[in-house]
Amino acid sequence: GDSVTQTEGQVALSEEDFLTIHCNYSASGYPTLFWYVQYPGEGPQLLFRASRDKEKGSSRGFEATYDKGTTSFHLRKASVQESDSAVYYCALSEWTGFASALTFGSGTKVIPCLP
Amino acid sequence: NTKITQSPRYLILGRANKSLECEQHLGHNAMYWYKQSAEKPPELMFLYNLKQLIRNETVPSRFIPECPDSSKLLLHISAVDPEDSAVYFCASSLGTISNERLFFGHGTKLSVL
């Protein structure tokens, strides 16, 4: 079945550092790709999504570009802040014909440290 | 997110039976139950669209979902097992297009003694 792979389980970096979280997917069709963010004690919430090759999604300084050639959707942010402390999930949706079923990657915990 | 309400927020059980409740005020057609174990991503358990069960993943038979109307979702749990300790999230979506986003509630944290 369809799957998503995130290689970084946890990323610790100084405030204002550049953040990259890698996401690769495996799907038989042409899935929509998502980045969700989860803060402690809350449910995941959508950061942004992309549905087409070369489409760029962005929100709150985060961005990712759908790359069908490399089957990737890597998350990047130029300057990480303390408020970005959360778990980030790459996900893809599978259309069942009636609704979308979302499959999440394993998640990456971002830990900003004071410089 | 007050648009999807889940109750209770916390639940501690021995081997009793209990029901989790969810209600969405977004006018969505599709509703979901996801299970999130500690340090793991959410995993789909059940998916309903317009009250019809569309997706039923491999879930122990002690979990029984119910969708009394398109805005409400229940999860009945009988004779819980320690492996059931997790946060159970309710979610909803439009249920009409293929790239739609899901909205999640705050979850019910289940602790099994």
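The values are calculated or read from the model by the stated rules, or taken from the named source; none is laboratory data. The structure displayed is predicted, hence computed values, not measured ones. Glycine also receives a Cβ, built like all others from the backbone with ideal geometry; neighbour counts cover every protein chain displayed.
Farther than 20 Å from A:Tyr89 by Cβ and either modelled with pLDDT of 95 or more or of a type outside the set (S, T, N, Q) (or both), is that true of B:Pro42?
No, not satisfied.
Please go through segment B:55-113 and give me each residue that is under 23 Å from A:Gln45 (Cα atoms) and acidic (Asp, Glu), ordered by number.
Across segment B:55-113, the qualifying residues are B:Glu57, B:Glu100.
Among the listed residues A:Ser79, A:Ser83, A:Ser100, which satisfies the condition of being more than 12 Å from the chain's Cα centre (by Cα), small (Gly, Ala, Ser) and closer than 25 Å to B:Met31 by Cβ? Please lay out each step first, then the result.
Numbers: A:Ser79 fails: closer than 25 Å to B:Met31 by Cβ; A:Ser83 fails: closer than 25 Å to B:Met31 by Cβ.
One residue alone meets the criteria, A:Ser100.
Return the residue satisfying two criteria in turn: it lies in segment A:101-115 and is out of contact with any Lys or Arg (no Cβ under 8 Å at 6 or more places or on another chain) and among the hydrophobic types (A, V, I, L, M, F, W, C), and of such residues it is surrounded by the most Cβ atoms within 10 Å (Cβ to Cβ).
The residue in question is A:Leu102.
In segment A:24-54, what count of residues is obtained for those that are within 13 Å of A:Ser72 (Cβ to Cβ) and either in a strand (DSSP E or B) or free of Cβ contacts under 8 Å to residues at least 40 places away in the same chain (or both)?
The number of residues fulfilling the criteria is 8.
Considering only residues of segment A:14-40 that are away from chain B (no Cβ under 12 Å) and among the aliphatic types (A, V, I, L, M), which is surrounded by the fewest Cβ atoms within 10 Å (Cβ to Cβ)?
A:Ala27
Pairs under 7 Å by beta carbon, first residue more than 20 Å from B:Glu100 (Cβ to Cβ) in segment B:14-31, partner among the polar types (S, T, N, Q) and modelled with pLDDT under 95, six or more apart or different chains?
B:Asn17/B:Ser78; B:Glu21/B:Ser7
Quick check on my filter: what residues within segment B:98-113 are of a type in the set (A, V, I, L, M, F, W, C) and more than 15 Å from B:Tyr48 (Cα to Cα)?
Within segment B:98-113, B:Leu110, B:Val112, B:Leu113 meet the criteria.
If you take the residues in segment B:40-76 that are more than 10 Å from chain A (Cβ to nearest Cβ) and among the acidic types (Asp, Glu), which one is surrounded by the most Cβ atoms within 10 Å (Cβ to Cβ)?
The selected residue is B:Glu66.
Residues of segment B:77-109 being at the interface with chain A (Cβ under 8 Å from one of its Cβ atoms), within 15 Å of the chain's Cα centre (by Cα), assigned to a loop (DSSP other than H, G, I, E, B) and farther than 13 Å from B:Gln6 by Cβ, which ones?
Answer for segment B:77-109, where residues must be at the interface with chain A (Cβ under 8 Å from one of its Cβ atoms), within 15 Å of the chain's Cα centre (by Cα), assigned to a loop (DSSP other than H, G, I, E, B) and farther than 13 Å from B:Gln6 by Cβ: just B:Leu102.
Is it the case that some residue within segment A:79-100 is loosely packed, with under 15 Cβ neighbours inside 10 Å, out of contact with any Ser or Thr (no Cβ under 7 Å at 6 or more places or on another chain) and within 14 Å of another protein chain (Cβ to nearest Cβ)?
Just the residues of segment A:79-100 that are loosely packed, with under 15 Cβ neighbours inside 10 Å, to begin with: A:79, A:81-83, A:85, A:97.
Then keep just the ones that are out of contact with any Ser or Thr (no Cβ under 7 Å at 6 or more places or on another chain); that gives A:79, A:81-83, A:85, A:97.
Within this subset, residues satisfying the condition of being within 14 Å of another protein chain (Cβ to nearest Cβ) are A:97.
So far as segment A:79-100 goes, yes, one or more of its residues are loosely packed, with under 15 Cβ neighbours inside 10 Å, out of contact with any Ser or Thr (no Cβ under 7 Å at 6 or more places or on another chain) and within 14 Å of another protein chain (Cβ to nearest Cβ).
Say whether the condition of being closer than 21 Å to B:Gln36 by Cα and loosely packed, with under 13 Cβ neighbours inside 10 Å is met by at least one residue in segment A:41-53.
Yes: segment A:41-53 contains one or more residues that are closer than 21 Å to B:Gln36 by Cα and loosely packed, with under 13 Cβ neighbours inside 10 Å.
Report yes if A:Ala64 is buried (at least 22 other Cβ atoms within 10 Å of the Cβ), more than 13 Å from chain B (Cβ to nearest Cβ), in contact (Cβ under 8 Å) with a residue 12 or more places away in the chain and part of a strand (DSSP E or B), otherwise no.
Considered against the rule, which asks whether it is buried (at least 22 other Cβ atoms within 10 Å of the Cβ), more than 13 Å from chain B (Cβ to nearest Cβ), in contact (Cβ under 8 Å) with a residue 12 or more places away in the chain and part of a strand (DSSP E or B), A:Ala64 comes out as yes.
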